[in-house]
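J.: For reference, the structure I am asking about is given below.
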Amino acid sequence: MAPIKATARAKGIEYAIRDVIAHTEHLVRNGKKIYYLNIGDPAAFDFKTPQNVKDALCKAVQEDDNYYSPSEGRIELREAIVRKEKRVNNVDITADNVLVTEGISEGIQMLLAALVEKGDEILFPGPTYPPYISYTKFFNGTPVAYETIEEEGWQPNLDDLRSKISDKTRAIVITNPNNPTGSVYDRKVLREMLDIAGEYKLLVVSDEIYDQLTYEKEFVSTSYLSNDVPVVGLNGFSKVYQMTGWRLGYLYFKGEGDQLGELRRSVEKECRIRICANTPVQIAGAAALDGPQDFVDDIVDKLKQRRDFAWKRLNEIEGISTTKPEGAFYIFPRIHDVGSRWKTDMEFVVELLKETGVLTVNGSGFDPIYGEGHARLVFLPPIKELDEAFNALERFMSNKQAD
C-alpha cells in the first residue's frame, strides 16, 4: 500500500523553538550534557507554581470537579480575568467578552482561523512568536513582517508598518513585551500604532502574556490605550504563574458596541468543537489570579539578575552583540559571522549544539528577514548554569575564530 499523503498545510508547519530539539536526540543518547536555553519554560527551572494554585488544583480534583465546563470558560475564571486585567493593566472588559483557551497558542490558532481567508495578510512584528507566522500560513493567509529596529531596542518602525498595509490586511499584531527580543514598546509608539490601525480600520491583536515581567521600563497595555480601535487581547498563565504544562490562557474582545461581536461568536464556536478547557485547571487559574501576588516581584527580581548577567556576559564574547531585554526572559544576540563563517543562523545553532551542548533557537525561526543572523536564548537557568553555558559558547566562538 502506498504511503498515506498528508496535506501541504500540515507538512509545511514550522515551530523553530521545538523543531530544534530534534538535533539533541543523538547527543542525549550518547550522554552529552545539554544546556536547554531554547524554551521559555520557567517551571522547568527554579521557578515554582505558587502553592495556593497547586492546592486549588488538588482540591478541585478531590472534590470531583472533573466534569465538562462551559466551552467559553467557567464564569468564575472569566470574572477573575476581568478583575486581573483591571488591577494589572487598567483594562475595562466584561466576562461576556472573555474566552478561556488551552494556553495562549490555542487562542492564536482560534483567532486566526476566524480572521484569515485565502490571501488575507496579517501584519506582525519582525521578529515575532512563530505561531503567528505558522497559523497565518496554515489558514492560507500571508504573514507580513513589519520591521522592529535592533539599534533602537527593537522598537517598531512605524513608517515600515504603514508601508506594509494593503487592501488585504486584516489585522496588526503587537507582541509586547516581545518574544524573542524582550523589548517593551514605548507608550508613544503604541499610541501611534493604534492611530495607524484606526486610520485603516484594522483590528489590533495584542499579545501581552509577559505583561507583569518587565524590568526598568513600564509596560502599558495596548487595550488600555485604545479608545475606538478594536483590540483582541491574548494572555495566559504560563509565564507569570509558572503554569506552563497546565495549558491555560484566554483572549478578550474590546470594541465599541457589537464591533467585535461576529468575531467573538465565531471564536466561541471554535471553543465548542473542542468542548472545553481543563475544568480543574480553570479552578486553579481563578485561585492564581485572586490569590497572593507578592511572588511576582520576587520572580522579576530573580529574572533581572539573570538578565543583567546574560546581557553583560554575551557582550563580552567576541563575535556576539546584544541589546538589553526590557521584559520577558529572552535575549536575542546577533551572531556577526552568520553569512560568512556560518551560511545561516540555523547552521550556527546546530554546530554550537553539537560541539558544546548549548541549545539555542535560530533567529530566522522568528522571522526569516528581521530575525536572520541571530539566536534566541532564555536566561531562566540559575546564574551558575548560565555561566557554564556562556563559557562553553565563548570557547566555541574563540575556537572558530582561530580556525
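The values are calculated or read from the model by the stated rules, or taken from the named source; none is laboratory data. Every value quoted in this text rests on a predicted model; they were computed, and no experiment measured them. Note that we place each Cβ from the backbone using ideal geometry, even for glycine, and neighbour counts take in every protein chain shown.
J.: For segment 308-356: of the residues being touching a Ser or Thr at 6+ places or on another chain (Cβ under 9 Å) and among the charged types (D, E, K, R), which is surrounded by the fewest Cβ atoms within 10 Å (Cβ to Cβ)?
T.: GLU318
J.: Oh, and also: Give me the residue from segment 26-36 that is assigned to a loop (DSSP other than H, G, I, E, B) and among the basic types (Lys, Arg) and, out of that set, modelled with the lowest pLDDT.
T.: Checking each candidate, the answer is LYS32.
J.: Among the listed residues LEU377, LEU352, identify the single one that is out of contact with any Lys or Arg (no Cβ under 9 Å at 6 or more places or on another chain) and within 21 Å of ILE209 (Cα to Cα).
T.: Exactly one of LEU377, LEU352 is out of contact with any Lys or Arg (no Cβ under 9 Å at 6 or more places or on another chain) and within 21 Å of ILE209 (Cα to Cα), namely LEU377.
J.: Next up: Test each condition in (1) touching a Leu at 6+ places or on another chain (Cβ under 8 Å); (2) part of a helix (DSSP H, G or I); (3) surrounded by 21 or more Cβ atoms within 10 Å (Cβ to Cβ) for LEU251 and report the one that comes out false.
T.: If we test LEU251 against (1) touching a Leu at 6+ places or on another chain (Cβ under 8 Å); (2) part of a helix (DSSP H, G or I); (3) surrounded by 21 or more Cβ atoms within 10 Å (Cβ to Cβ), just (2) comes out false.
J.: Could you tell me whether any residue of segment 238-248 is closer than 16 Å to LEU213 by Cα, in contact (Cβ under 8 Å) with a residue 12 or more places away in the chain and part of a helix (DSSP H, G or I)?
T.: yes
J.: If we scan segment 343-361, do we find a residue that is part of a loop (DSSP other than H, G, I, E, B), touching a residue at least 12 places away in the same chain (Cβ under 8 Å), in the same structural domain as ASN38 (by TED's automatic domain parsing) and over 30 Å from GLY31 (Cα atoms)?
T.: no
J.: Same structure, new question: Identify, from the list ALA145, ALA113, ALA80, the residue that is surrounded by fewer than 18 Cβ atoms within 10 Å (Cβ to Cβ) and in contact (Cβ under 8 Å) with a residue 40 or more places away in the chain.
T.: Being surrounded by fewer than 18 Cβ atoms within 10 Å (Cβ to Cβ) and in contact (Cβ under 8 Å) with a residue 40 or more places away in the chain holds for just one of ALA145, ALA113, ALA80, which is ALA113.
J.: Identify the residue in segment 329-340 that is touching a residue at least 60 places away in the same chain (Cβ under 8 Å) and either of a type outside the set (Phe, Trp, Tyr) or assigned by TED's automatic domain parsing to the domain that holds ASN179 (or both) and, among all such residues, is nearest to ASP301 (Cα to Cα).
T.: ILE331
J.: Considering only residues that are farther than 20 Å from VAL232 by Cα and not small (Gly, Ala, Ser), look in segment 163-174 and name the one that is farthest from the chain's Cα centre (by Cα).
T.: ASP167
J.: Of the numbered conditions (1) assigned by TED's automatic domain parsing to the domain that holds VAL232; (2) under 23 Å from the mean Cα position of the chain (by Cα); (3) part of a loop (DSSP other than H, G, I, E, B), ILE39 fails exactly one; give the number of that condition.
T.: (1)
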